[in-house]
Amino acid sequence: MTLLSTQAEYIALSACAQEILYLRHLLAEMGFTQMGATVIYEDNQSTIKLVKNPEGHGRTKHIDVRHFFVQEAHARGEILLEYCPTSNQIADIFTKALARPQFQKLRHALGVLSLSEWQNDEQMCQLDQTREA
């Protein structure tokens, strides 16, 4: 199972890196050259190790060669992989069914308010405006 999840994460990382490289080149053409590496937060430590240490991974022969450009982009300093625990992976809100507390945590991290939170926030703003007047 670990090898399968590493393969799936590596292929997803490949797609993400393609988009990042496209956007970096597009921004460069518009005059906004990116000086540092673009950080990608990854929750699979085996995938991170595979990218950072590309040699000697005989068990990865089944991963299509087209995905290995991620290692080159990392070596060139265009992308940087950082570990992010699954519990803090904000993208999970878009891809997984989550328990309510985890959903609320990630929703808050995105800066999205529930209707009741928004209404309370609006009431607080109105109260502050009334006090200032």
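Can you find a residue in the stretch 39-57 that is open to solvent by less than 50 Å² (accessible area, probe 1.4 Å), more than 23 Å from Thr95 (Cβ to Cβ), under 16 Å from the mean Cα position of the chain (by Cα) and at pLDDT 80 or above? Within the stretch 39-57, not a single residue is open to solvent by less than 50 Å² (accessible area, probe 1.4 Å), more than 23 Å from Thr95 (Cβ to Cβ), under 16 Å from the mean Cα position of the chain (by Cα) and at pLDDT 80 or above.
Could you say whether any residue in the stretch 63-74 is open to solvent by less than 60 Å² (accessible area, probe 1.4 Å) and at pLDDT 90 or above? Show your work before the answer.
Keep residues of the stretch 63-74 that are open to solvent by less than 60 Å² (accessible area, probe 1.4 Å), which gives 63, 67-71, 73-74.
Cutting the leftovers down to at pLDDT 90 or above gives us 73-74.
Yes: one or more hits.
For residues that are farther than 17 Å from Thr95 by Cα and loosely packed, with under 13 Cβ neighbours inside 10 Å, scanning just the stretch 1-22, find the one that is modelled with the lowest pLDDT. Checking each candidate, the answer is Met1. Filtered by the rule that a residue be outside any helix (DSSP H, G or I), among the hydrophobic types (A, V, I, L, M, F, W, C) and within 16 Å of His74 (Cβ to Cβ), the stretch 1-37 gives a lone residue, Ala37.
Identify the residue in the stretch 76-93 that is more than 19 Å from Ser46 (Cβ to Cβ) and at pLDDT below 90 and, among all such residues, is most open to solvent (accessible area, probe 1.4 Å).
Just the residues of the stretch 76-93 that are more than 19 Å from Ser46 (Cβ to Cβ), to begin with: 76-78, 90, 93.
Remaining after also requiring at pLDDT below 90: 90, 93.
Numbers: Ile90: 62, Ile93: 30 Å².
It comes out as Ile90.
The values are calculated or read from the model by the stated rules, or taken from the named source; none is laboratory data. For clarity, every value in this text was computed on a predicted model and none was experimentally measured. Counting neighbours? That spans all protein chains shown, and the Cβs are built from the backbone with ideal geometry, glycine included. The area values use the complete protein model at the heavy-atom level, side chains included, leaving out ligands, DNA and RNA. Shrake-Rupley method; radii C 1.70, N 1.55, O 1.52, S 1.80 Å.
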